[in-house]
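The next block holds one structure in the form of structure tokens; read it before the comments.
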Amino acid sequence: ILVVLALACHVKTSFTDPGSVPAAAVPTEEQRKTDRLSMCSQCQTFKPPLSHHCRICNRCISRMDHHCPWMNNCVGAANLKHFFLFLIYTWSCSVYCLLLLGWNYFFCASEDCEFNLVLTQLVRIMTFLCVGAFLFTSSMIMNVIYGILTGIGTIDRLKKKATNTMSESEEEPIPLTDIFGIGPWYTWPFPVDPLFDDFDRVMGFSTPQRLLREQILREQGMSNSGGGVAIGNYSPV
């Protein structure tokens, strides 16, 4: 089960749009109230906060953490959940394999526990691979958790360390609902796309069509004698 979930999360991370900034992207209404707006010199489009231009994918990614060569895709706001679950399940598989190999290799005292030369070499190879996967995924999990707790992605952290400006960071922790969505908690461990309460806020940008839709809904809510209506951006459409 763990292997299937790990493979499914790997596929979802690789084929899910990490949060590409479209050419029609515009600042949200909240962002328009500030003067800290920027434009990507490569895409010639609006560059949302915490986004970066990936030279490999040749596009800007919202809340980009890094480009993962193992996934052949960037890790951003839209697929961070799948990437994090992939690390968790791969780490769990590594731990399970190490415990299984260790128990049967070191603690089995029956007469059936005789390892010939071929099995001994296979055990050593599997142990080497599992230890490597365990150390690598442990490092990546701590890296992702640090990014969630501080709101600083891998690229931003490296830049801040290079310029010695980590103490001047103004980023806030990333809410879990901005990663796993607002769906039921039992959907969080599975590689299903998250639903966000405010898509524009999570992605860091909007589009003229979505802004117009929000304006129309807001006007309808104000003219409704029964009060306002709840407005939520559940999809990027």
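Per residue, the chain exposes 62 Å² of solvent-accessible protein surface, assessed with a 1.4 angstrom probe and all protein chains in place. Here the simple spin-label model places points 7 Å from the Cα toward Cβ, and for residue 169 and residue 125 these points are separated by 4.1 nm.
Peptide packing for 72-78, 197-203 was compared via the average number of neighbouring C-beta atoms within 10 Å per residue; ordered from the highest value, the list is 72-78, 197-203. Taken as entire DSSP H runs, the helices of the chain that both span 18 Å or more between Cα atoms along their own long axis and average 0.0 or more on the Kyte-Doolittle scale are 2-15, 80-106, 117-150. A probe of 1.4 angstrom, applied to the heavy atoms of all protein chains, finds residue 94 with accessible area near 10 square angstrom.
Compared with the alpha-carbon gap, the fully stretched path from residue 14 to residue 2 is longer by 2.5 nm at 0.36 nm per residue.
Taking packing as the residue-averaged number of other Cβ atoms within 10 angstrom, the listed peptides 2-8, 17-23 run from highest to lowest as 17-23, 2-8. Taking 0.36 nm per residue of separation and subtracting the Cα-Cα distance, full extension of the segment from residue 211 to residue 30 would add 64.0 nm. Look at the Cα gyration tensor of region 42-86: its axes a ≥ b ≥ c give a/c of at least 1.5 with a/b at or below b/c, and that counts as oblate. Annotation: amide H-H contacts under 5 Å for residue 20 (H modelled 1.01 Å from N, sequence separation of 5 or more, or interchain): 62.
Report, to the nearest whole %, how much of the accessible area of region 1-150 belongs to carbon and sulfur atoms, 1.4 Å probe, protein only. Its accessible area is 67 percent carbon and sulfur atoms. For residue 66, the residues 5 or more places off, or on other chains, whose built amide H falls under 5 Å of its own are 75.
For residue 54, the amide hydrogen comes within under 5 Å of the amide hydrogens of 59, 60, 61, counting only partners 5 or more places away or on other chains and with H modelled in the peptide plane. Considering only 146, 186, 96, the mean-square fluctuation computed in a Gaussian network model of the chain, springs between alpha carbons under 10 angstrom, is largest for 186. Residue by residue, region 183-192 carries 3J(HN,Hα) couplings of x, x, 4, 6, 8, 4, x, 10, x, 10 Hz when phi is fed to the Karplus relation 6.51 cos²θ - 1.76 cosθ + 1.60 (θ = phi - 60°); x denotes Gly or Pro.
Distance from the C-alpha centroid of region 188-223 to that of region 120-173: 31 Å, rounded to the whole angstrom.
Rounded, prolate or oblate for the chain? Axes are the square roots of the Cα gyration tensor eigenvalues, ordered a ≥ b ≥ c, and the cut-off for rounded is a/c under 1.5.
prolate
Here residue 33 is the anchor, and the lysines within straight C-alpha reach of less than 29 Å, apart from those fewer than 8 places off in the same chain, are 47, 159, 160.
The values are calculated or read from the model by the stated rules, or taken from the named source; none is laboratory data. Remember, predicted model here, so these are calculated numbers, not experimental data. Neighbour counts run over all protein chains shown; Cβ positions are idealised from the backbone, glycine included. Just so you know, the surface numbers come from the protein's heavy atoms only, side chains and all, with ligands and any DNA or RNA stripped out. Shrake-Rupley method; radii C 1.70, N 1.55, O 1.52, S 1.80 Å.
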